[in-house]
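Visitor: There's a structure below that I have some questions on.
The values are calculated or read from the model by the stated rules, or taken from the named source; none is laboratory data. All values reported here derive from a predicted model rather than from experimental measurement. Virtual Cβ from ideal backbone geometry, glycine too; neighbours counted across all protein chains shown. The accessibility values were calculated without ligands, DNA or RNA, using every heavy atom of the protein model including side chains. Shrake-Rupley method; radii C 1.70, N 1.55, O 1.52, S 1.80 Å.
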Amino acid sequence: MCTTCGCGHGETTINGIAPVRKRHASGPLGAYRRLEQGAAHAAEAAPLGAAHAPEVDPERTIRLEHDILASNDALAEANRRQLAQQGIFALNLVSSPGSGKTTLLVETIQRWARQTPVAVVEGDQQTANDAERIRATGAPAVQINTGKGCHLDAHMVAGALATLRAENALQDNSLLLIENVGNLVCPAAFDLGEAHKVAILSVTEGEDKPLKYPDMFRAADLLILSKIDLLPYLDFDVDAAIRMARQVRPGLEVIRLSTRSGEGFDDWLAWLAAGCAKAQRG
Amino acid sequence: MHELSLAENVIRIAEDAARHAAAKRVSRVRLAVGAFAHVDPDTLQFCCELAARQTLLEGAEFLVERTPGQAFCKDCAQDVALERIGFPCPLCGGFDLRVTGGEEMRVLDIAVS
Ligand SMILES: Nc1nc2c(ncn2[C@@H]2O[C@H](COP(=O)(O)OP(=O)(O)OP(=O)(O)O)[C@@H](O)[C@H]2O)c(=O)[nH]1
Ligand SMILES: [Mg+2]
Ligand SMILES: [Zn+2]
Ligand SMILES: [Zn+2]
Ligand SMILES: [Zn+2]
């Protein structure tokens, strides 16, 4: 277990290697120390009687008001600061399994044509298949295997960023694409330090997914409706899907895309370029 | 099952605070879980009891308080109570809602001795 944030990812590996558990660098640790001190001060504020009669050991209440995700959020903020310092535009791609995330990344890297350098972090419970598919394009990729874990957290991504950095693969003013574990539920809760979550919904999944899994769509800043080349074979109602997505996330931007026909790539690449331009350092 | 990793966070937060207060045991933990928090309260409670084993929280009681969902409706410019994400504004039926409350997941306080 991580001694700083206590997150129990005993089975997590990065590029197949179980990272050595050690304390995080000064940033998040400092933040956490402050929280601990806060707790200690709260303890001092316990009922006066308690302090004067320790041998009685009376029950007392300690007020904490401590956010359960504070440790993850502090690490995510540290990731975000580091990425911002390097002018890196980072995205967290979330969807159910098989919506086409890796295919989208592979096609994106090929069509991006090195407008900026690209690096990829792949999250899956098992196998290095997706990272290998990315590396085949020539882009650097790190595979996080979460074991039984069903989402990426900020600590795992910090480890992946360190691995990329050690390989000199995290360049200034680049694009960083993080493919989360295929899961429409809990990745919504875990900030990784990304600029935006991008939700991907394939048209084979049914148009009511945004209402069935609202947390994920509400957390997203862009929805990619994928595999639209299959629409002629399905009765998927595109307008209804977009309406339901905007019901949970007002104003959500939507791009309809197919990696087969190439439809939608102009919009997607333009969206990426705009994000990179904003993130880049002058 | 991300409730288990959240429960491990709860145990760690409570144990740290108890140690700082030189307490030997935590008998009760009060949690606040908003209506829109990404967690199922019953599962969280169950996972906390599991994760408490062999810690200062062994056998502790976990109480989960639900806090209501709130939103600001841009269509009718009102603060409204919202039961669920995806539901319309209860006043005007609009969907242009900005969530203003009900997302929290916090350890409120602990009882120690
Ligand atoms: N028809 C069609 N099939 C697609 C498209 N994009 C991806 N697929 C297919 O969908 C399947 C899953 O694609 P992946 O890219 O592996 O999906 P993923 O979301 O990365 O999957 P996980 O990482 O396992 O969650 C593959 O068989 C792809 O060939 C598309 O635009 N159209
Ligand atoms: Mg994949
Ligand atoms: Zn950690
Ligand atoms: Zn999870
Ligand atoms: Zn209204």
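Visitor: For the protein assembly as shown, what does the accessible surface come to per residue with a 1.4 Å probe? Please give it in Å².
Guide: Accessible area per residue: 45 Å².
Visitor: Taking R0 as 41 Å, what FRET efficiency do you get between A:Arg243 and A:Arg281 from their Cβ-Cβ distance, rounded to the nearest 0.05?
Guide: Numbers: r = 39 Å, r/R0 = 0.95.
Approximately 0.60, to the nearest 0.05.
Visitor: Still on this model: Please give the calculated 222 nm ellipticity per residue for chain B, where each DSSP H segment of at least 4 residues contributes -39500 (n - 2.57) and the sum is spread over every residue; nearest 500 deg cm²/dmol?
Guide: After summing the helix terms and dividing by residue count, I get -8500 deg cm²/dmol.
Visitor: If you add up the charges near A:Ile200, with Lys and Arg at +1 and Asp and Glu at -1, over every other residue whose beta carbon is less than 12 angstrom from its beta carbon, what do you get?
Guide: Numbers: positive: A:Lys101, A:Lys197, A:Lys209, A:Lys227, A:Arg256; negative: A:Glu179, A:Glu205.
Net charge in that neighbourhood comes out at +3.
Visitor: Roughly how much accessible area, to the nearest 100 Å², goes out of reach of solvent when A and B pair up, both sides summed, probe 1.4 Å?
Guide: Chain pair A/B: roughly 3200 Å² of buried accessible area.
Visitor: Is the C-alpha gyration tensor of segment A:191-282 telling us rounded, prolate or oblate? Criteria: a/c under 1.5 is rounded; beyond that, a/b larger than b/c is prolate, otherwise oblate.
Guide: On the way: a/c = 2.51, a/b = 1.34, b/c = 1.88.
Judged from the Cα gyration tensor, segment A:191-282 comes out oblate (a/c at least 1.5, b/c at or above a/b).
Visitor: On C-alpha positions alone, give me the angle between the axis of helix B:41-51 and the longest principal axis of chain B, in degrees, nearest 10.
Guide: Around 20 degrees separate the two axes.
Visitor: Tell me, what % of the accessible area of the protein assembly as shown is carbon and sulfur with a 1.4 angstrom probe? The partial results should precede the final answer.
Guide: Values: 8730 of 17690 Å².
The C+S portion of the solvent-accessible surface of the protein assembly as shown is 49 percent.
Visitor: Roughly how crowded by other chains is peptide A:66-76, in terms of the mean Cβ count from those chains within 10 Å of each of its Cβ atoms?
Guide: 5
Visitor: Kindly provide the GluC sites (Glu not before Pro) of segment A:84-190 that DSSP labels as loop, not H, G, I, E or B, and whose Cβ sees at most 16 other Cβ atoms within 10 Å.
Guide: Sparse-neighbourhood loop GluC sites (Glu not before Pro): A:Glu167.
Visitor: Counting Lys +1, Arg +1, Asp -1, Glu -1, what net charge surrounds A:Ala128 among other residues with beta carbon under 11 Å of its beta carbon?
Guide: -2
Visitor: Are any of the pairs A:Lys148/A:Lys212; A:Lys101/A:Lys212; A:Lys101/B:Lys74; A:Lys148/B:Lys74; A:Lys148/B:Lys24; A:Lys148/A:Lys278 more than 31 Å apart by Cα-Cα distance, and if so, which? Intermediate values should be presented prior to the final figure.
Guide: Values: A:Lys148/A:Lys212 24 Å; A:Lys101/A:Lys212 20 Å; A:Lys101/B:Lys74 34 Å; A:Lys148/B:Lys74 42 Å; A:Lys148/B:Lys24 33 Å; A:Lys148/A:Lys278 37 Å.
A:Lys101/B:Lys74; A:Lys148/B:Lys74; A:Lys148/B:Lys24; A:Lys148/A:Lys278, as the Cα separations exceed 31 Å there.
Visitor: Any residues in segment A:194-226 that have 40 Å² or more less accessible area with all protein chains than in their chain alone, probe 1.4 Å, and which are they?
Guide: Hits at the 40 Å² cut-off: A:Asp215, A:Arg218.
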